[in-house]
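Read through the structure below, which is laid out as structure tokens, and then see the notes.
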Amino acid sequence: MTDLPKTAKAVIIGGGIIGCSTAYHLAKLGWTDTVLLERKKLTSGTTFHAAGLVGQLRSNANITQLLGYSVDLYNKIEEETGLGTGWKMNGGLRLACNEERWTEVKRQATTAHSFGLDMQLLTPSEAQELWPLMDVSDVVGAAYLPTDGQANPSDITQALAKGARMAGAKIFEDTKVTDIEIEDGKIRAVITEHGRIECEKVICCAGQWTRTFAGRFGVNVPLVPMEHQYMVTEPFDVPSNLPTLRDPDRLTYYKEEVGGLVMGGYEPNPIPWATKGIPQGFHYTLLDSNFDHFEQLMELALGRVPALENAGVKTLTNGPESFTPDGNFIIGEAPELSNFFVGAGFNAFGIAAGGGAGMALAEWVHKGEPPFDLWSADIRRFGRPHFDTDWVRTRTVEAYGKHYTMAWPHEEHDSGRPCRKSPLYDTLKDQGACFGEKLGWERPNWYADASLGETAKDVYSFGRQNWFDAVGREHKAAREAAVLYDQTSFAKFSLKGPDALAALSWICANDVNKPVGALVYTQMLNDKGGIECDLTVGRVAHDEFYIVTGTGFATHDFNWISRNIPDGLNCQLFDITSSNAVLSLMGPKARDILAAVTRDDVSNDGFKFGTIRTIGIAGCPVKALRVTYVGELGWELHLPVEYAQTVYDALKEAGEPHGLVNAGYRSIESLRLEKGYRAWGSDIGPDYTPFESGLGWAVKLRKNIDFKGRAAAEKQKAEGVAKILACFTVDPDIVLQGRETIYRNGKRVGWLTSGGYGYTVNKSIGYGYIRDADGVDADYVTSGSYELEVATERVSCDVTLQPLYDPKMERIKA
């Protein structure tokens, strides 16, 4: 064996497709002293037994782009390296066998069109022409994506490994990593059974071993191994050009292999593996075939492919693969340990993602940020519940079982609940709350009225769901009277220290150098000017700031703030989320109600919009923030958790004569859509800037204060933008969910980033970016004629750059 180098710029742990792809891309970026270490042999963990289907379409544009990059790479890697890959672009079919599934497929086709993919809708007979082995008697329709395909996982990994070596990377097999040397929170070296390699960056692509290995160094990677089986038949009359086939109503997938078929699927009762740890020496190892468990899939498959009944079975492969609680893979720099990167948890689509994930991970290591927004796969999307492996496994079992079930709009997970509860959980449940869950928190989505025969349970569909009228009542109350939201799940941070102002002045795009008591809405930008955080900052003391952000962004935003505090500044960031409950009192009657429970002056002159102050309510010191996300007069009331019930009771009693009602997150969504408020993770994010999203007013360019992202913001303001966020409205009978395609004068120019319904304006509302490489401005937006493609049907729409409701902000500042 060649001697290990003493030093390396980066060390990759794991020689599956993700590790080899990362090595390939790092070497291509000039990181020629990259070292990949594999404890046994390349592909010997999970890659060697992967099924090898390569599909591209996901519900997220950038993940779809990442998978499309894989296809482009697989098209050329064989020519580059001279190694065969088994790659063939034979297309992919997806079947629909009932009307709801057909609606889902049509919406998926529109999503594909939004993202630039040529997904075609076919009749059952047209699908059968492409896949003559199948019975289509129950098929309603199908979708076909010509650029999907299949590959040999081991061969494509070996080709990537050869390409990495050709570009200068070094790969060592039979070299187990035993430890990572960390000093003062910084990686110093990787320790192997054959020696020490000094390095600053570690990329952990260790598949199902990643959670345990990373956990030794305080890094949380929420994945667990699950058994996954597929059958390989003996050769029979299978055309070699057969597309891959996904039959979600029968929970199964198929591909041609050496004249036979591969058939596997996602059963509703999956089997977790290695619940007490992965056995030592597990490599190139398969589990015992479980024919009894596979029988349920076999019975479903026989209805689709009758010829399977007489086909010989070559193997029933049972190989463990790593799955995650939400079905998305895990990528990025660990928030707990600087320069420790992760690429793992690929939920059985590691071959499809391998090329693109390796590219993205290499770019992230190289530049310190991903090539584009990868929030849906970012390791920072997880939080406190994900530290518990039992909780992760429970949720992952549910996610696996839903792999091919209908992807309903607004669908909630059921497992591992309730986990994190507000002090008011039982009270609100008794009052009809139907809860959703985010980052483990139980949050009221809407309230059922038992007197109307309503039950606090979601009934899913692609049309208006059963909560539509209930949310309409809450929406109406917010506009005409008052509502009370339990928003205890908000992430809440405290930044303290003599240099707290200097730190936030650098990180925040808006000016936070305001007097004590000021409340500032601000973005935090990356160096490209993209929006990394969207939050509220209150100055509560000369050297202390109170920061409030969204529930799901707790880990991400805490990490962004803490890692961007300039070296040498004396301040500390604390996560105080669990200390404070939050009750948001919103609506035109909010002041009357608040005035009835406090002696403090809450008049417009005494408590102006955009301020934060401590007031007393029922013996409780309450941080009152005059701010809104629903477009009405209101306050967020932040208070110690032990007072929550007392303050809630006082507000409810005082609010009864004013028509105060409980309300949930679904009405927040409809209210914010009418008011034009942006949502991070959909309407805004790292790929979108304040000047593209209509938030340029919150950027302090007129002040001589440097801040992160300023240069990019100045450049964009001076040169103009190539996309602008606009509001689209259509007939109320048309359901908008996001990802619908935007057409301007007949040309595709973007897609909706969010969609919903506005009860006050009685219209379906969507937001999306209008794009043109030559530049976009307000005149360009308003001069066009627009259509939206909804479930493959084009409908005319209206467009505006102004809020649909209270554009002058008169109600908010009343």
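Annotations
- List CYS620, CYS419, ordered by accessible area with a 1.4 Å probe, largest first: CYS419, CYS620
- Listed residues HIS410, HIS25, HIS542 arranged by accessible area, highest first, probe 1.4 Å: HIS542, HIS410, HIS25
- Summary of the geometry: segment 78-138 and segment 185-242, compared by the centres of their Cα atoms, lie 29 Å apart.
- Sum of side-chain charges, PRO270 neighbourhood, beta-carbon under 13 Å (Lys, Arg +1; Asp, Glu -1): -1
- Global geometry of segment 594-750, whether rounded, prolate or oblate, following the gyration tensor of its Cα atoms and the 1.5 cut on a/c: oblate
- Accessible surface of HIS194 - all protein chains present, 1.4 Å probe, nearest 10 Å²: 100
- Applying Stokes-Einstein at 10 °C and 1.306 mPa s to the Kirkwood radius of segment 350-394, computed over alpha-carbon pairs, gives a translational diffusion coefficient of 130 µm² s⁻¹.
- For segment 428-580: rounded, prolate or oblate by the Cα gyration tensor [a/c cutoff 1.5]: prolate
- Under 25 Å from the Cα of LYS6 - lysines, other chains or at least 8 residues apart: LYS28, LYS40, LYS41, LYS162, LYS170, LYS176, LYS186, LYS201, LYS367
- With K and R counted +1 and D and E -1, the other residues having a Cβ less than 13 Å from that of ARG710 yield a net charge of +3.
- Helix 61-81 axis, angle to the chain major axis (alpha carbon atoms, nearest 10°): 30
- Distance-filtered residues of segment 366-399 - backbone nitrogen under 18 Å, label point 7 angstrom along THR405 Cα→Cβ: 392-399
- Rg(Cα)/(2.2 N^0.38 Å) for the chain, N = residue count: 0.97
- Averaged over its residues, the chain has an accessible area of 38 Å² per residue, based on protein heavy atoms and a 1.4 Å probe.
- The convex hull defined by the C-alpha atoms of segment 275-397 has an orientation-averaged projected area of 10.7 nm².
- As computed over segment 139-293, the Cα convex hull volume per residue (Å³): 201
- Residue-by-residue Karplus 3J(HN,Hα) for segment 52-57, coefficients 6.51, -1.76, 1.60, Hz, glycine and proline x: x, 6, 10, x, 10, 6
- Contact order, relative form, for the chain: 12 percent (alpha carbon pairs under 8 Å, 6 or more residues apart, mean separation divided by residue count).
- Ranked order, MET119, MET226 - accessible area, probe 1.4 Å, largest first: MET119, MET226
- THR455 versus GLN802: modelled label distance in nm, points set 7 Å from Cα along the beta carbon direction: 4.6
- Protein heavy-atom surface of segment 61-208, 1.4 angstrom probe: 45% of the accessible area is carbon and sulfur, with nucleic acids and ligands not counted.
- Scattering profile of segment 506-546 at q = 0.16 Å⁻¹ [log10 I(q)/I(0), Debye over alpha-carbon scatterers]: -0.39
- Rounded, prolate or oblate (a/c below 1.5 giving rounded, otherwise prolate when a/b exceeds b/c) for segment 57-102 by Cα gyration tensor: oblate
- Cα-based radius of gyration for segment 505-598, normalised by 2.2 N^0.38 Å, reads 1.24.
- Cross-linked pairs LYS276/LYS438; LYS402/LYS476; LYS623/LYS708; LYS255/LYS402: Cα-Cα separations exceed 32 Å for LYS402/LYS476.
- Inter-centroid distance (Cα atoms) of segment 546-615 relative to segment 1-62, Å: 44
- Simple rule: put +1 on each Lys or Arg Cβ and -1 on each Asp or Glu Cβ in segment 304-421, find the dipole, and look at PRO371, PHE340, TYR404; the Cα lying farthest toward the positive end is TYR404.
- Magnitude of the charge dipole for segment 341-494, about its Cα centre and with charges confined to Cβ atoms of Lys, Arg (+1) and Asp, Glu (-1), is about 260 debye.
- At 1.002 mPa s and 20 °C, Stokes diffusion of segment 21-74 via Kirkwood alpha-carbon radius, µm² per second: 159
- Think of each Lys and Arg Cβ as +1 and each Asp and Glu Cβ as -1; about the Cα centre, that makes the dipole of the chain roughly 2020 debye.
- Partner aspartates and glutamates whose Cα lies under 20 Å from the Cα of LYS88, excluding those fewer than 8 positions away in the same chain, are identified as ASP72, GLU78, GLU79, GLU80, ASP118, GLU129, ASP148, ASP155, ASP237, GLU256, GLU257.
- Rounded to 5, percent antiparallel among DSSP beta bridges of segment 744-814: 100
The values are calculated or read from the model by the stated rules, or taken from the named source; none is laboratory data. Since this is a predicted model, take the numbers as computed values, not measurements. In this analysis, Cβ positions are derived from the backbone assuming ideal geometry, glycine residues included, and neighbour counts consider all displayed protein chains. Note: areas computed on protein heavy atoms with side chains; ligands, DNA, RNA excluded. Shrake-Rupley method; radii C 1.70, N 1.55, O 1.52, S 1.80 Å.
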